[in-house]
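Read the figures in this text as sums done on the coordinates, not as results from a lab. What you are looking at is a predicted structure, and each value in this text was computed from that prediction instead of being measured. Positions of Cβ are generated from backbone atoms using ideal geometry, with glycine treated the same way; all protein chains shown enter the neighbour counts.
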Amino acid sequence: MKNKFLLIGLFAATSLFSEETWVHPHDDMKQYSMHGNFQKGLATKSMGAKEFEVWRASIAVGSKTPLHVHETEEVFIVLKGKIHAVVGDQEFDCIAPATLICPANIPHQLINIGDEPTDQILVLGVDSKIHNMNGDEMKLPWRE
């Protein structure tokens, strides 16, 4: 009897998910851009992510992100380039390869100080709100 329920449970679990739910080719993903910042969602809520969003991002030479704050921690894995990071009242240079961890609710900004576009992976909580320094929620095209 146990085996019968185990098989039914396995069938139910596998029928809920298809291979398409788990595999998302990067070539077909839309890239967004705004003020020299480029983002492509690698794992987002619309793709089935429940806890974390993962983004591929790039900052053009001389460009920067706006100073902003998230409700959740944000992790930047810098794969290429040189970034000057402002995190709260501290400043750091992140030269690839490097990882920058920005705590939740701490203002931060990234500035490309190198001579090539950056390449980074971003990880943050699904549905975390992003606010500018006036407290207004930022409506970013890649988060809609």
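General observations
- The eigenvalues of the Cα gyration tensor, multiplied by 5 and square-rooted, give segment 25-143 an equivalent ellipsoid with semi-axes of 20, 18, 13 Å from largest to smallest.
- Likely footprinting exposure, Ile83, Ile130, Ile121, fewest C-beta neighbours within 10 Å first: Ile121, Ile130, Ile83
- Taking Thr72, Thr99, Thr118 and counting other C-beta atoms within 10 Å, the order from fewest to most: Thr99, Thr72, Thr118
- Across segment 38-144, C-alpha contacts under 8 Å between residues 6 or more apart give a mean separation that, scaled by the residue count, equals a relative contact order of 35 percent.
- Difference of contour (0.36 nm per residue) and Cα-Cα distance, His131 to Asp28: 34.2 nm
- Taking the number of Cβ atoms within 10 Å of each Cβ as an exposure proxy, the fewest-first ranking of Asp28, Asp136 is Asp28, Asp136.
- Taking Cβ atoms as reference points and 14 Å as the exclusive limit, the residues near His26 contribute a net charge of 0, counting Lys and Arg as +1 and Asp and Glu as -1.
- Each of Asp93 and Leu140 was given a label point 7 Å from its Cα along the Cα-to-Cβ line. The distance between the two points is 2.5 nm.
- Global form of segment 36-100, assessed from the alpha-carbon gyration tensor, a/c cut-off 1.5: prolate
- Sorted peptide list for 46-52, 36-42, 61-67, criterion being average Cβ within 10 angstrom, highest first: 36-42, 61-67, 46-52
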